[in-house]
1. Look at Ala192 and say whether it is within 16 Å of the ligand (Cβ to nearest atom) and either modelled with pLDDT under 95 or not assigned by TED's automatic domain parsing to the domain that holds Cys35 (or both).
2. Could you check, for region 380-390, whether at least one of its residues is in contact with a Pro (Cβ under 7 Å, 6 or more places away or on another chain) and either within 16 Å of the ligand (Cβ to nearest atom) or in the same structural domain as Ala197 (by TED's automatic domain parsing) (or both)?
3. Only one residue in Pro497, Pro536, Pro505 is within 15 Å of the ligand (Cβ to nearest atom), part of a loop (DSSP other than H, G, I, E, B) and at pLDDT below 95, so which one is that?
4. In region 302-326, how many are closer than 24 Å to Tyr81 by Cβ and crowded, with 19+ Cβ neighbours inside 10 Å?
5. May I ask you to list the residues in region 19-74 that are among the β-branched types (Val, Ile, Thr) and under 19 Å from the mean Cα position of the chain (by Cα)?
6. How many residues, within region 289-320, are within 19 Å of Arg348 (Cα to Cα) and of a type in the set (Asp, Glu)?
7. Within the bounds of region 44-60, is there any residue that is more than 15 Å from the ligand (Cβ to nearest atom), assigned to a loop (DSSP other than H, G, I, E, B), surrounded by fewer than 22 Cβ atoms within 10 Å (Cβ to Cβ) and at pLDDT 95 or above?
8. Can you find even one residue in region 471-479 that is within 29 Å of Thr147 (Cα to Cα), among the β-branched types (Val, Ile, Thr) and within 16 Å of the ligand (Cβ to nearest atom)?
Amino acid sequence: MTNKLEALDIVVVGAGFAGLYAIHKFRELGMSVHCLEAAPDVGGVWFHNRYPGARCDVESLQYSYSFSQEIEADWQWSERYAAQPEILAYINFVADRLDLRRDISFMARVASSIWNADEQIWHITTEAGANLQARFVILASGGLSVTRKPDFPGVDSFEGLSFHTGQWPEEPVDFQGKRVAVIGTGSSGIQAVTAIAPQVAELVVFQRTPNFIIPSRNRPLDDAARQHWAENSTAFRARAKQVGTLYEFPSVGALDVDDAARRAEYQRRWDGGGVNFVHSFNNIYTDQAANDTAAEFVRERIREIVNDPVTAAKLCPTDHPLGSKRICVASGYYEAFNLPHVKLVDLREDSLEAITPAGVRTATVEHEVDMIVFATGYDALTGALTAIDIRGVDGKKLSDKWSAGPINYLGLMTEGFPNMFIVTGPGSPSVLVNMLVGIEQHIDWIADCIATLRERGAASIEPDVSAERDWVTQVNAEADKTLFVKANSWYLGANVPGKPRVFLPYAGGIGRYRGICDRVAADGYEGFRITPEHAPGESD
Ligand code: NA7
């Protein structure tokens, strides 16, 4: 990569769905833009998550860009839920179609981003030593991009092959006839288990917390389904802007109907598959008694599917409300435990003591394996931001400012870091909605904001301290209305020892959030401080 010392308008960090759309959007505005990407190619999380079984739990027709009717018309999804290779192929198709790669440097992990107040310019440096300067920085570095491998004693001593689901190698991994351990039973672990189980000689699944897993009922998409989408896509996309993913949202609560009607609704949604199950009634996310009825329905299905009652009992979640940890979607997970060579180890009964050269040792036994799959999650939402040495006004470090939790306004900006925008990070709906809907809303808003600054001849923008204080209060208040706060989840940073326990995403819904952002912009960027352009050295 060549050093570019003339200041760009925009530097984008990350070439996943968000970064790619940002490049396109700012080009359209006639701005100079360059993107820095740590990986060798585009795709972000979909570049790295190549583990067997990786699949999106949002339907493919909806988990795609809406900004271009041509792109929509020229791409055909093959399945209801797309698998990772197809999503990555789609991202590549978009990157090629829009000729985005010419504005991306690959293998360019950002090490630091330093604000120069005199120049009103960000100075960005990569780990390889390249330097860029830009008026605006867009952090599109991903909410689930910094993987986490717990520091089990001996974690690096294993002599077989080991992988983290979020850093899967590009070369195929052959599981045929192997003895495999999977540690972790979140979305990645359960997807990997369903895909690996039929291939291996022996599979040992290490579970700390059982999850609620809804069948996906994945199926090929036929022409009729694609045509239905195409004919209605304008209306569907408009509705998605308000609700995120197009689930069926009922107006009744779980306890407003009798037992038979409630069970019939759960059964209908279980048979339909997917996250739609959690929206069976309008209070599953907010009312413990309502939630208990949905949770018990799923536990009944687990006991029905899994032949061994002891294993079934271990697979039944009882310590958190359904949906308060990210709900998992997959077909065949519970069924896998009926295979003679698949075994469940409940780490709450038999704790994981160490990784050894031969495998995984619990308090009672050493499980000798050929391969270990770490499906142990991420330093979610803040990890990729605080990993960069970001310094704002007066050299203030972002990681210091956020040491007790991510203080920001609308999830988009943080005081003391002018002209630095965060895409789908903490304080925004991010992982609680269809990411594509959240990403397009964010990039569109940021682009309008920067275009407005340009029209006004303004140099910089950052939030007021009071606006971000109020926003943090609102984010907490929205979370407190829900059952999300009752689980030890990555939404709360609970999976990373020492991370402050703060509910990270905005739980008030994308429709309300969009309305707030639009109103702020219409009111002249209320809550933000806009600084006029001035000659270097001139005081305000
Ligand atoms: P998750 O959902 O964070 O799952 C990680 C799993 O790893 C989870 O079951 C954890 O148990 C387990 N884990 C983490 N640390 C340990 C230790 N120290 N010992 C044993 N087990 C551990 O990550 P995923 O990659 O599955 O999914 C992330 C998101 O990607 C997903 O929600 C989708 O949005 C896409 P725990 O529950 O913490 O007890």
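1. Working: within 16 Å of the ligand (Cβ to nearest atom): yes; either modelled with pLDDT under 95 or not assigned by TED's automatic domain parsing to the domain that holds Cys35 (or both): yes.
Spelling it out, Ala192 is indeed within 16 Å of the ligand (Cβ to nearest atom) and either modelled with pLDDT under 95 or not assigned by TED's automatic domain parsing to the domain that holds Cys35 (or both).
2. Just the residues of region 380-390 that are in contact with a Pro (Cβ under 7 Å, 6 or more places away or on another chain), to begin with: 381-382.
Retained after the next criterion (residues that are either within 16 Å of the ligand (Cβ to nearest atom) or in the same structural domain as Ala197 (by TED's automatic domain parsing) (or both)): 381-382.
Yes, that holds for at least one residue.
3. Working: Pro536 fails: within 15 Å of the ligand (Cβ to nearest atom); Pro505 fails: at pLDDT below 95.
Only one candidate passes the filter, namely Pro497.
4. Applying the first criterion (closer than 24 Å to Tyr81 by Cβ) to region 302-326 yields 302, 304-306, 315, 317, 322-326.
Checking the rest, the ones that are also crowded, with 19+ Cβ neighbours inside 10 Å come to 302, 306, 315, 317, 322-326.
Here the count works out to 9.
5. So the first thing to find is which residues in region 19-74 are among the β-branched types (Val, Ile, Thr), and the list is 23, 33, 42, 45, 58, 71.
Val42, Val45, Val58 - these are the residues of region 19-74 that are among the β-branched types (Val, Ile, Thr) and under 19 Å from the mean Cα position of the chain (by Cα).
6. Matching residues across region 289-320 total 2.
7. No, every residue in region 44-60 fails to be more than 15 Å from the ligand (Cβ to nearest atom), assigned to a loop (DSSP other than H, G, I, E, B), surrounded by fewer than 22 Cβ atoms within 10 Å (Cβ to Cβ) and at pLDDT 95 or above.
8. Looking for residues that are within 29 Å of Thr147 (Cα to Cα), among the β-branched types (Val, Ile, Thr) and within 16 Å of the ligand (Cβ to nearest atom), one finds none in region 471-479, hence no.
The values are calculated or read from the model by the stated rules, or taken from the named source; none is laboratory data. Keep in mind it's a predicted model, so treat the numbers as computed, not measured. As a convention, Cβ positions derive from the backbone with ideal geometry for all residues, glycine included, and neighbour counts pool all protein chains shown.
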